[in-house]
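**Q** Take a look at this one; I'll ask things after.
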Amino acid sequence: MRLNESIVISAPPKLVWDYLAEPANYLHFMSGVTRWEVEGDRRSGLGARYRMLIRVGSAEVGGLIEVVEWNPERDMAWSSVLGVDQRGRWRLRRLPDGRTRVELRFAYGVAGSGIPGWIAELFAAPQLGGHLRRSLQQLKRQIEHEQLRAEAAARRHERAAAT
Amino acid sequence: MAHERDPDGERARNQPRHPWGGGAGGSEQTIFERAKRNGGGADGALRGRLGPIGGVGGGLARAGGEFVRSGSRFAGALAQAGQHAAADAAGRAAREVSERLTADLDDRDPDHLREQLPLLWLLASFWFRGEVRNLGNIPEEGPVLMVGNHSGGNMTPDTFIFTLAFSTYFGVERAFHQLAHNLVMASPFARLLRSGGTVAASPENARTALESGAALLVYPGGDWEVHRPTRDRNKVDFAGRKGFIRLALDADVPIVPVVAIGGQETALFLSRGAWLAQLLGVDRLLRLKVLPISLAVPWGLNVGDFLGHVPLPAKITVEVLQPIDVREQFGSNPDLNEVYDYVTRVMQETLDTLAAERRFPVIG
């Protein structure tokens with residue numbers, strides 16, 4: 001099953017990318033995520049590994065994931081190493097007005113689980129889709145808030161310099 | 001299952017038969033001895049169960065002898081065939097049961113378990129609305145003894161929900177075993193359970209599992225607690241069994257209490273039926289101290305619950321408590337009674353809290 005959600009954030013891709021590249025932020029904006037821990041020496045970048053869990057129905061599902069694609073300010077993709085099979089992707093694209101379109105793709109399943117697996121994927125989709133939508137809304141809120149704070153700080157700095 | 005060649009049986013078949021059927025007593029002895037030989041390492045209870053099977057075979061042989069005495073050679077051959085078939089069936093059953101009761105931790109199959117997780121998830125999420133709290137209290141690695149209160153009759157939905165939660169939280173790669181009654185391990189579902197890490201309940205199996213570094217879930221209350229009447233659904237009742245404390249001390253592992261509520265609302269459990277078990281002698285034959293009487297779907301009045309039942313969709317909540325290091329908390333030579341009282345008290349307090357959260361039976 002593959003889910004796809006997107007949102008437009010009033011901030012440049014660099015700001016969005018910097019926020020997404022920091023693993024400590026995930027517990028703040030990812031809805032349903034109960035665990036997001038760095039596993040190993042590499043904190044971010046290609047090959048970085050995280051142990052993550054997301055609550056779906058009666059279980060916290062997830063496992064060990066690894067970043068398999070790292071294209072700054074454009075694409076970050078991960079794939080599962082252990083646990084439930086999953087692939088995900090952050091896709092950032094600059095819009096003509098300077099804003100950023102953020103797309104979150106998430107594919108999941110359990111290979112070999114047959115018809116129950118297929119039914120479980122269907123039943124999990126609405127809840128997971130809701131998690132993805134809320135995650136993007138929280139990401140937008142956090143980054144735009146950061147953007148406003150940064151702009152306000154810049155204005156204060158300008159005023160202070162002028163006086 | 002491969003059927004081993006039986007040279008003694010073959011020799012017996014090749015021996016010249018007495019024209020009058022060979023004697024009923026001799027036939028019965030042969031069947032019983034063959035059954036015992038085929039039973040191999042089966043325990044006493046198992047051998048006890050083989051007795052009636054041998055008797056049935058002997059009865060068949062006696063019946064065959066009557067026919068032969070009346071001059072029918074065909075009936076004699078039929079009696080011989082019945083004798084061999086009964087003996088072979090008894091031997092096969094004995095071997096199979098014996099194998100199922102032997103703990104082989106390698107029977108746990110993480111891939112198979114992973115493939116079963118979606119089905120477990122569907123049942124746990126939509127039928128039982130399962131909720132497992134504080135899994136983070138279980139140590140991240142190393143052996144650990146999880147001690148739970150047992151509910152739900154032979155269907156034990158809380159065990160499946162906890163197994164799902166444990167396997168998704170820590171990953172199916174982490175070794176996790178559960179102890180189950182011999183009767184469960186002798187059931188047709190045993191193969192499925194063993195691939196999920198279930199082994200027959202015995203101190204040896206428990207020790208083996210912990211020594212291998214696995215997480216182990218035990219239910220000290222066993223069949224006594226799991227079949228308690230529904231009116232006692234919110235009581236922790238280990239029946240004074242303290243073996244789990246000795247196990248934790250011997251293996252030097254922490255005890256993590258796991259408290260579940262809702263399982264005893266999946267049917268209307270009326271009585272443990274201890275008196276009935278005693279009356280019918282199954283307490284000696286099958287190690288069953290209880291023969292539960294309940295009202296359950298689809299049977300209505302359900303005695304024994306041997307065929308299981310369709311559990312009502314009761315909301316199941318499971319809470320994992322803080323680990324207890326017995327030696328650290330109670331000294332190097334702890335009093336078992338004191339530890340037992342402490343563990344059951346903290347579990348009962350949690351169960352009372354969980355019970356207070358529930359507004360309606362079954363719905364939760």
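Any read-out appearing in this document is the output of simple, stated calculations on the displayed coordinates, not a laboratory observation. It should be emphasised that the depicted structure is a prediction, and the values quoted were computed from it without experimental measurement. No Cβ is skipped: glycine too gets one built from the backbone with ideal geometry, and neighbour counts run over all protein chains shown.
**Q** Kindly evaluate B:Pro143 against the criterion of being in contact (Cβ under 8 Å) with a residue 24 or more places away in the chain, touching a helix residue (DSSP H, G or I) at 6+ places or on another chain (Cβ under 8 Å), more than 10 Å from every other protein chain (Cβ to nearest Cβ) and not aromatic (Phe, Trp, Tyr). Before the answer, list the steps.
**A** On the way: in contact (Cβ under 8 Å) with a residue 24 or more places away in the chain: yes; touching a helix residue (DSSP H, G or I) at 6+ places or on another chain (Cβ under 8 Å): yes; more than 10 Å from every other protein chain (Cβ to nearest Cβ): yes; not aromatic (Phe, Trp, Tyr): yes.
Criteria met by B:Pro143.
**Q** If B:Glu173 meets every condition in (1) of a type outside the set (Lys, Arg); (2) crowded, with 18+ Cβ neighbours inside 10 Å; (3) touching a residue at least 24 places away in the same chain (Cβ under 8 Å); (4) out of contact with any His (no Cβ under 7 Å at 6 or more places or on another chain) apart from one, which number is that one?
**A** (2)
**Q** Something else now. Scan (1) assigned to a strand (DSSP E or B); (2) among the small types (Gly, Ala, Ser); (3) on the phi > 0 side of the Ramachandran plot for the single condition A:Gly98 breaks and write down its number.
**A** (1)
**Q** So, in the stretch A:94-119, of the ones that are over 23 Å from the mean Cα position of the chain (by Cα) and among the aliphatic types (A, V, I, L, M), which residue ends up surrounded by the most Cβ atoms within 10 Å (Cβ to Cβ)?
**A** So the residue we want is A:Ile119.
**Q** Please state which one of A:Arg43, A:Arg89 is farther than 16 Å from A:Leu136 by Cα, of a type outside the set (A, V, I, L, M) and either part of a strand (DSSP E or B) or without any contact (Cβ under 8 Å) to a residue 40 or more places away in the chain (or both).
**A** Details: A:Arg89 fails: farther than 16 Å from A:Leu136 by Cα.
Only one candidate passes the filter, namely A:Arg43.
**Q** Right, something else. Taking B:Ala251 as the residue in question, decide whether it is under 18 Å from B:Val339 (Cβ atoms) and touching a Lys or Arg at 6+ places or on another chain (Cβ under 9 Å). Break it down into steps so the answer makes sense when it comes.
**A** Details: under 18 Å from B:Val339 (Cβ atoms): yes; touching a Lys or Arg at 6+ places or on another chain (Cβ under 9 Å): yes.
Here the answer is yes, as B:Ala251 does meet what is asked.
**Q** Any residue in the stretch A:70-77 that is in a loop (DSSP other than H, G, I, E, B), away from every other protein chain (no Cβ under 12 Å), of a type outside the set (Asp, Glu) and within 21 Å of A:Ser6 (Cβ to Cβ)?
**A** For the stretch A:70-77, residues in a loop (DSSP other than H, G, I, E, B), away from every other protein chain (no Cβ under 12 Å), of a type outside the set (Asp, Glu) and within 21 Å of A:Ser6 (Cβ to Cβ): present.
**Q** Sticking with this one: Right, A:Tyr50: hydroxyl-bearing (Ser, Thr, Tyr), in a strand (DSSP E or B) and in contact with a helix residue (DSSP H, G or I) (Cβ under 9 Å, 6 or more places away or on another chain) or not?
**A** Values: hydroxyl-bearing (Ser, Thr, Tyr): yes; in a strand (DSSP E or B): yes; in contact with a helix residue (DSSP H, G or I) (Cβ under 9 Å, 6 or more places away or on another chain): yes.
Against the criterion (hydroxyl-bearing (Ser, Thr, Tyr), in a strand (DSSP E or B) and in contact with a helix residue (DSSP H, G or I) (Cβ under 9 Å, 6 or more places away or on another chain)), A:Tyr50 qualifies.
**Q** Being without any contact (Cβ under 8 Å) to a residue 24 or more places away in the chain and more than 19 Å from the chain's Cα centre (by Cα) is the filter here; which residues of the stretch B:224-274 pass it?
**A** B:Arg231
**Q** Considering only the stretch A:79-132, state which residues are within 14 Å of chain B (Cβ to nearest Cβ) and among the β-branched types (Val, Ile, Thr).
**A** Taking the stretch A:79-132 first, the residues within 14 Å of chain B (Cβ to nearest Cβ) are A:80-86, A:108-128.
Those that are within 14 Å of chain B (Cβ to nearest Cβ) and among the β-branched types (Val, Ile, Thr): A:Val81, A:Val84, A:Val110, A:Ile115, A:Ile119.
**Q** Go through the stretch B:146-174 and give me each residue that's in a helix (DSSP H, G or I), within 14 Å of chain A (Cβ to nearest Cβ) and hydrophobic (A, V, I, L, M, F, W, C).
**A** B:Phe160, B:Ile161, B:Phe162, B:Leu164, B:Ala165, B:Phe166, B:Phe170, listed by residue number.
**Q** Further, regarding this structure: Within the stretch B:125-140, which residues are more than 11 Å from chain A (Cβ to nearest Cβ) and part of a helix (DSSP H, G or I)? Quick ask: steps written out before the conclusion?
**A** Of all residues in the stretch B:125-140, those more than 11 Å from chain A (Cβ to nearest Cβ) come to B:134, B:137-139.
Within the stretch B:125-140, B:Asn137 is the sole residue that qualifies.
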